[in-house]
1. Express the Stokes-Einstein translational diffusion coefficient of the range 1-82 in µm² s⁻¹, to the nearest whole number, given a Kirkwood radius over alpha-carbon pairs, 37 °C and a viscosity of 0.692 mPa s.
2. Enumerate the calculated ³J(HN,Hα) couplings along the range 292-307 in order (Karplus 6.51 cos²θ - 1.76 cosθ + 1.60, θ = phi - 60°), each rounded to whole Hz, writing x wherever the residue is Gly or Pro.
3. Fully extended, how many nm does the chain gain between A328 and T287 (0.36 nm per residue separation, minus their Cα-Cα distance)?
4. Taking 7 Å along the Cα-to-C-beta vector as the label spot, tell me the L81-K315 distance in nanometres, rounded to one decimal.
5. Using a Förster distance of 35 angstrom, determine the FRET efficiency expected from the C-beta separation of N356 and A90, and round it to 0.05.
6. Please find the FRET efficiency linking E349 to Q25, where r is the Cβ-Cβ separation and R0 is fixed at 56 Å, and quote it to the nearest 0.05.
7. For the range 274-350, which whole percent of the accessible surface, found with a 1.4 angstrom probe, sits on carbon and sulfur atoms?
Amino acid sequence: MIEIGAQVELSHPPDRVWLALTDRQLLGRWFADADTVEGVPDRLLLHTAGLPGFEANVEVEVTERREPELLVLACDEVGRLSELTCAVTATRQGCRLEIREVTTHGAWSAEQHDPREQQLRQALTVRLPAILDWLAFQQVDLRRGDGGMTAELPLVGVSGGPSRARRRRRQVAAALVGVVAVGGVAAWVALPAGSEQRAAPPAAPSPSPSATPVEVAATPRPTTSVRPSRTAASPTARPSRSPSAKPSPTLTSAPPPPPPLTASYDTDSSRLFGYTGEVVLGNPAATAVDGWVVVVSLADGSTVDDVDGADWRQKGRSVTFTGAAVPAGGSQTFRFDVRDNRPKAREPETCTVDGNPCAGL
């Protein structure tokens, strides 16, 4: 028995994810077109031939279903049989989707297994999130999506009551109902991965003014002569007194302050109504820097869904990130997923580290 699996955290409610898994029109948009099998209304044919990891189209039959939590599919790819399980679990941020496919008859070759699993993982983080964002927009924007996308996969061979039932930085995924086939419904077509991470170029340290020793010479006062007194006695002159110059104090130069942290922003990946941002902190100093603060300003109404590599809090449009010390001469990276209400949004409006602007914006 060979297994393929992946999971993704989604910022959408379970019922919306369930719709993307079971609506045939939606399924065709993010995984593969699906048709009913002629003469067998309780099955679907997924047009997976040509997808990475697939040899042919896959016949799919629903064997277990508990809306919106569990969907189990029996898959047949030219005689290679597998079972695909889609489990949806509600979370505070939305839900978690886990896809697992296990062969029940036959096996995938090495040339099939790896591409199939890779496509599944990419699909869960790219295409599926994009379709879910699009669905959310349709439902909110005057409900333009009403009508037309309601045909769910048929339930086959299930009697009585209910049977048993992955991030970033991303545009949709492969958890689907019939999206997997015998040998792995994991061959989901994925878009290319997000933009490469770029380390922030360390900024040249700002020169620090140092105090230059300066000697201040005291100017001697002029010598004053004492006038002779007019008396009967012979006049005597008092000796004049000249004050001696005092030595001037010398200022001690203070050591220059350490150079500040640098920060560089880059969009790691983007999708419909959202993107994944990446900030790389650089420390050119000879000692570790603790207590840094990065502040990002988002568009009005946008929110951060998840953060990797830092602690964070959001107040209105402002998101504050803090974290572990940046090592001397080293760097530190964190990423954050943003749901942005601008359809073509690709980056936040501003980014600062300890009050200084980040590079890249």
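The values are calculated or read from the model by the stated rules, or taken from the named source; none is laboratory data. This one's a predicted model, so the numbers in the text were calculated from it and none came from an experiment. Counting neighbours? That spans all protein chains shown, and the Cβs are built from the backbone with ideal geometry, glycine included. Areas reflect the complete protein model, heavy atoms only, side chains present, ligands, DNA and RNA absent. Shrake-Rupley method; radii C 1.70, N 1.55, O 1.52, S 1.80 Å.
1. Working: Rh = 14.0 Å.
This corresponds to a translational diffusion coefficient of 234 µm²/s.
2. In residue order, the calculated couplings are 6, 9, 10, 10, 10, 9, 9, 5, 4, x, 8, 9, 8, 9, 8, 9 Hz.
3. Contour length minus Cα-Cα distance gives 14.3 nm.
4. Between L81 and K315, the simple spin-label model gives 6.1 nm.
5. Calculated value: 0.30.
6. Efficiency, from the Cβ-Cβ distance: 0.95.
7. Details: 1660 of 3450 Å².
Ligands and nucleic acids excluded, carbon and sulfur reach 48 percent.
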